[in-house]
């Protein structure tokens, strides 16, 4: 299929000409006769890859006909790289077939990477006890021996090798309890799996293939990593590269947990803050996705900085999914965006989550903040240089947090704390006093009403609060009502520097109530707040960015360092936004080249759409 000519080559877009090299894209694209060659030419900007599970390798790639079909499917979709899995769920693919598949793909112009899904099955390893995730008992010698043997057998075949999501455990068997000793389950599991990652995977692989490049892939559930043994600090140290799951799927569906689209950006950005130059690509799938869910994952991955997208899995291409067409059609836009973001990264508000930190009642709060049109950039290290610093409960795990906050306050920084953070931090109420409130005590409350323009307003869904805040010297900006109680939701201290957000997303108790293990257990009323409230919350966070966006929730705003802005409307209906500061500029959508919006700064967005705003002088 011949891609359409790119029509933006002659537009002069402020801040984009050098970063995007639009004319180069236009000329090269006109010369391309299929998606594969175009994708190969632009793989330095963005690479599309596909993961082929062990069962697909065994069933679909064991014949010349199957391999030819795979080649055609990948070429048609602009895929230039294949991840060939060696083991999953008890199936070990023979080294001879892996060698044959790798050779065939290489000869047809594809890069090939090996992969493994370390989940039990058949007579391979030992399944964990008390384990809802279907993971291994890694303490058991058989699990260790079986996985080590697989690595020794397959490592000589590949130059690069990736370990999929399942290097984790929830096992509570007697042998694991004995090995744990006095340590917490989290500490024991993180230490054990860090050691086994080296002794079972890295060292055996390099013993038979010294130059092999070893990759760890972290899943999407960043606020639960430490519970099940993922150590995000040791992983980047011992592996050659780090990959990140951005598989947010459907935000409105229960199957994979009402996950917000911004989570892909949060997870990748947070891990990138730890991995640094070792950060690699992003990984998402089609499961529980409509076509728009699928492509939205790609955009948030690219905005976070990924220059390779791995699609799980090859079987979905064989069976077909409407998202594949959108990805194929949008590849050019994504490649241009990836190139621009590499030069002018997304910037915004700093949110602090230390590694292996417990979230309390703020689990996945960063995902929801992002869905207010707040460009939250998570970091694993205290953001001393940031003008605005967001401190959820997770930040209280930093033993030096009180001194850091006091210093930031003296430097005139804006500090936004959650009620959960103030309740958990060990400071005898020092920071609460600074915020002008009593030190809160956790008491999760559902508010049925809010105070809106001086009157009570009913909510479509209850708004969860973390505590009953008592303002002393703070100004109450927003209030909610539960029964006959009026409870502050957002407060500001006397000098206007410190804000307290009394929100509750999820806690362990919320997860246990519905039997959820990893992902958001239910939808929240937080994203059904009226636009008037959303604007107040958004402006508190964004004021120092000097960008004022007015509109509903389920909007993301991600400004680039050159002044361009990416806006997504994740609502299922059209929205109208007001972007102050752009009143005297014509809006230009750099994705399409169309003039949009009005000189007044009003912008109308279609349902589930995106724009790349660039000013045209």
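Derivation of every value follows stated rules applied to the coordinates shown; laboratory data play no part. Keep in mind it's a predicted model, so treat the numbers as computed, not measured. Because the Cβ atoms are built from the backbone with ideal geometry, glycine has one as well, and the counts that use them run over all protein chains shown.
Each peptide among 191-198, 77-84, 154-161 gets the average number of other Cβ atoms lying within 10 Å of its residues, and from highest to lowest they stand as 77-84, 154-161, 191-198. Of all DSSP bridge pairs formed entirely within the chain, close to 50 percent run antiparallel.
For region 545-615, rounded, prolate or oblate, judged on the Cα gyration tensor with a ≥ b ≥ c (square roots of eigenvalues), a/c < 1.5 rounded, else prolate if a/b > b/c? Since a/c stays below 1.5, the shape of region 545-615 is classed as rounded.
Starting from the Cα gyration tensor of region 349-529, take the square roots of the eigenvalues, sort them a ≥ b ≥ c, and report rounded, prolate or oblate (rounded when a/c is under 1.5, otherwise prolate if a/b is larger than b/c, else oblate). Oblate, since a/c reaches 1.5 and b/c is not below a/b. Using C-alpha pairs under 8 Å with a sequence gap of at least 6, the mean separation divided by the residue count of region 349-529 gives a relative contact order of 22 percent.
At an R0 of 25 angstrom, the distance between the Cβ atoms of residue 96 and residue 44 translates into a FRET efficiency of 0.15. Applying 1/(1 + (r/R0)^6) with R0 = 60 Å to the Cβ-Cβ distance of residue 319 and residue 428, what FRET efficiency is obtained, to the nearest 0.05? Taking R0 as 60 Å, the efficiency between residue 319 and residue 428 is 0.50. Packing here is the average count of other Cβ atoms within 10 Å per residue, and on that basis the peptides 316-327, 275-286, highest first, run 275-286, 316-327. Distance from the Cα centroid of region 65-127 to that of region 308-387 is 27 Å (rounded to whole angstrom).
Counting only helical runs of four or more DSSP H residues, what would the 222 nm mean residue ellipticity of the chain come to if each run contributes -39,500 (n - 2.57) and the total is spread over all its residues? One gets -9500 deg cm²/dmol as the mean residue ellipticity at 222 nm.
Shown for 246, 143: other C-beta atoms within 10 Å of each C-beta, ranked fewest to most, produce the order 143, 246. For region 251-277 versus region 455-470, the inter-centroid distance based on Cα atoms is 26 Å. Site pair residue 175 and residue 254 shows an inter-label distance of 3.8 nm when each label is modelled 7 Å from Cα along Cα→Cβ.
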